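Okay, so here's the structure we're looking at.
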Amino acid sequence: MTLPVLHYQPWGETLHEQLAAARAAEEAGAAVVWAPELHRSAVVTAAALAGSTVAAGVGTGIALAFARSPFLTALSALDLDELSGGRLRLGLGTGVRRLNEDWHGVAWDRPVHRLRETVAAIRLLVAGAHTGERLAFDGADLRLDVRGYRRPYPPVRDHIPIYLAGVGPAMTALAGEIGDGWLSHELCPPRYLEATVLPRLRASGRSLEVVVSACCAVDDDPAAARAAAANVVGFYASVRTYADLFAFFDLAAAQDRVVEAFRAGRPADALADAVDPVMVDRLTLAGTPDEVAARLAEYAGLADAVKLGPPTYGLPPARIRALQDNLLRLIRELAS
């Protein structure tokens, strides 16, 4: 069986448990461990992951691009690359308007253009912060003029790979144009990747690493596995941003039923019973170890890597912990 490279997003009820899961993933054969940003800081978690692993790559998956200044993001990337011995992948994404404006108090207008300038500024700062030279960037949405500054530490690398998250056509095309890699959200089946995402990523003619994220529920009882993944599907179905994905699989009406349940007052992470089982089958990796391994093999030749993680939405910690143990066991078996 031919498989893509396996990455992992460790879960933990505490940070210490998350780090233990990262070590276990590395020992099992995961090539990269990723630190998400929502309930924890991606930068702080990535720093902890860098100190808790030895050889696996460490990624921020994803850090918010606009909530920090490009200067602070560049310094954080240089620090993380030093901590990890050159293993960092800087994953960046825009987030949505409400998150930026209401939660972080930062501008979100023209996010594609703003992200393009943010990435250019970060690369300028990473490459030149140690030189003492003037670092100036004059864009339409972003202007920097760094003078009289020199970071007195030599960088491990003067180019740190930047991975961009993209959902819509313009943001995905931008990742293909300027990114070192692209990182998907948790629902990106092979057919959708091949028919919709890859043409956008490859439109510029550049090569970059394609990393698919996948909600992965492994259980000897396939019905229990699918039930565990249902809340993840419900969470994404409640957001109209992902309407094209559901429509691609002829699931628009099924998404509408989830949206109705959400608008009736149901929490976004507790919509499992509004999710059609067909949605789980088509959009997640859920089933027995053999079933999940077979589904993973469908990404071969399409994705360079698949970032696996257990479902977490609406599940008690004990259940997430058991699902994570099952998934880590499967990674070990596949890697061997």
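General observations
- Tyr163 vs. criteria of a type outside the set (Val, Ile, Thr), over 25 Å from Leu302 (Cβ atoms) and not assigned by TED's automatic domain parsing to the domain that holds Val259: no
- Residue count for segment 140-165, restricted to those that are touching a Ser or Thr at 6+ places or on another chain (Cβ under 9 Å) and free of Cβ contacts under 8 Å to residues at least 60 places away in the same chain: 2.
- Matching residues, segment 139-180, being of a type in the set (Asp, Glu) and modelled with pLDDT under 95: Asp141, Asp158
- Unique residue being on the phi > 0 side of the Ramachandran plot and either touching a Ser or Thr at 6+ places or on another chain (Cβ under 6 Å) or not charged (D, E, K, R) (or both) when the list is Gly93, Gly61, Gly86: Gly86
- Number of the condition not met by Ala217 [criteria: (1) buried (at least 17 other Cβ atoms within 10 Å of the Cβ); (2) assigned to a helix (DSSP H, G or I)]: (2)
- Of all residues in segment 190-211, none are touching a Lys or Arg at 6+ places or on another chain (Cβ under 8 Å) and either of a type in the set (S, T, N, Q) or not in a strand (DSSP E or B) (or both).
- Test for Gly128: is it under 19 Å from the mean Cα position of the chain (by Cα) and not aromatic (Phe, Trp, Tyr): no
- Any pair with Cβ under 8 angstrom, 6 or more apart, that starts in segment 202-213 at a residue that is under 16 Å from Ala31 (Cβ atoms) and ends at one that is of a type in the set (Phe, Trp, Tyr): Glu209/Tyr163; Glu209/Trp182; Val210/Trp182; Val211/Tyr163; Val211/Trp182; Val212/Tyr299
- Restricting segment 1-23 to residues that are among the polar types (S, T, N, Q) and surrounded by fewer than 18 Cβ atoms within 10 Å (Cβ to Cβ), the residue that is modelled with the highest pLDDT: Thr14
- For Ala286, the requirement of being farther than 16 Å from Thr2 by Cβ and either touching a Lys or Arg at 6+ places or on another chain (Cβ under 9 Å) or modelled with pLDDT under 95 (or both) is met.
- Per the conditions (1) under 15 Å from the mean Cα position of the chain (by Cα); (2) in the same structural domain as Ile62 (by TED's automatic domain parsing); (3) part of a helix (DSSP H, G or I), the sole criterion not satisfied by Leu187 is (3).
The values are calculated or read from the model by the stated rules, or taken from the named source; none is laboratory data. In this text the structure is predicted, and so the values were computed from the model without any measurement. Virtual Cβ from ideal backbone geometry, glycine too; neighbours counted across all protein chains shown.
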